[in-house]
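Chemist: Here you go, one structure.
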Amino acid sequence: MASIFRTLADLWSLVVGLGITGKEFCKPGVTVHYPRAEVTPEAAASFRGPIELIGLDKDPAKPKCIACMLCVSACPSNCIAVTRAPTPKPTPEELKAMAEAEARGEKPKKPAPPKAPGTWTYDFSLCSLCGSCVEVCPVDSIGFSHDIYMVGTRREDFVFDQLARLARKAAARKAEPKKAAPEAASAPAPAPETAATPASEA
């Protein structure tokens, strides 16, 4: 008796699986026969390509990166190299204030190093696209690109200066012609004013 119920359960599992297969089989295919067909931007939006830096909202040419080095530590492939931006040289006013503070026996306040990268290099030939750097970034400065047509003939072609790449991308977006704003709905034309009838002279 138990074997009969087991057989019926197995048959039901088979029917459920065939139902799912049949449902998916009737859906239109999503495979693009490249190069006979071009990949649409909508289809490329789900593609996880080489990582790229994300710019600030106010200044897209500057990355959100704060040079915390967490991405370098998390990368298992050692394909990311980041250096911090150098500390700016003090201005003459700051030097004067520092000298006055030392004369008073106080500790001079030196310029703080900026929280920004000086260099940001990425070797895509070593990257496994694991996404560890994207997940660990505390300021969401790293994301996957959607470049599906990347090609190269040398290994050096896949070593990217991400700061320069971000600047080029921001400049390209700025150079794009802005889409014309949709025309505002035209207001109904005002009713024609009725000309005043001149009073007849007596």
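Since every read-out is calculated from the coordinates, none of them should be taken as a lab result. Because the structure is a prediction, the values reported are computed rather than measured. Note: ideal-geometry Cβ built from the backbone for every residue, glycine included; neighbour counts use all protein chains shown.
Chemist: What nm distance separates the two modelled labels at C130 and Y34, each placed 7 Å from Cα along Cα→Cβ?
Modeler: It works out to 2.6 nm between the two label points.
Chemist: Separate question: Just how many pairs of Lys in the stretch 1-121 have C-alpha atoms closer than 19 Å, counting pairs that are eight or more places apart or on different chains?
Modeler: Taking the stretch 1-121 as the scope, the lysine pair count is 10.
Chemist: Further question: Between S73 and D161, what is the label-point separation in nm under the 7 Å Cα-to-beta-carbon projection?
Modeler: That separation, rounded to one decimal, is 2.9 nm.
Chemist: Moving to a separate point now. So if we plug the beta-carbon distance of A81 and V16 into 1/(1 + (r/R0)^6) with R0 = 35 Å, what FRET efficiency do we get, rounded to 0.05? All intermediate terms of the calculation are to be shown ahead of the outcome.
Modeler: Details: r = 51 Å, r/R0 = 1.46.
Between A81 and V16 the formula returns 0.10.
Chemist: Please report, to one decimal in angstroms, the Kirkwood hydrodynamic radius of the stretch 30-159 built from all distinct Cα-Cα pairs.
Modeler: Values: mean 1/r = 0.0556 Å⁻¹.
When all Cα pairs of the stretch 30-159 are included, the Kirkwood radius is 18.0 Å.
Chemist: Give me the distance in nm between label points sitting 7 Å out from Cα along the Cα-to-Cβ direction at A101 and D140, one decimal.
Modeler: In this crude label model, A101 to D140 measures out at 3.6 nm.
Chemist: Between A172 and K58, what's the calculated FRET efficiency when r is the beta-carbon distance and R0 is 22 Å? Round to 0.05. Don't jump to the answer; show the numbers that get you there.
Modeler: Numbers: r = 18 Å, r/R0 = 0.83.
So the FRET efficiency works out to roughly 0.75.
Chemist: Taking springs between alpha-carbon atoms closer than 10 angstrom, which of L14, L56, L166 fluctuates most in the Gaussian network model of the chain?
Modeler: L14
Chemist: Once the Cβ-Cβ distance between M1 and I66 is put in as r, and R0 is 45 Å, what FRET efficiency do you end up with, to the nearest 0.05? Mind showing how you got there, number by number?
Modeler: Values: r = 68 Å, r/R0 = 1.52.
With R0 = 45 Å, the Cβ-Cβ based efficiency is 0.10.
Chemist: Based only on Cα atoms, what mean projected area does the convex hull of the stretch 1-69 have, in nm²?
Modeler: Numbers: hull surface 45.1 nm².
Value for the stretch 1-69: 11.3 nm².
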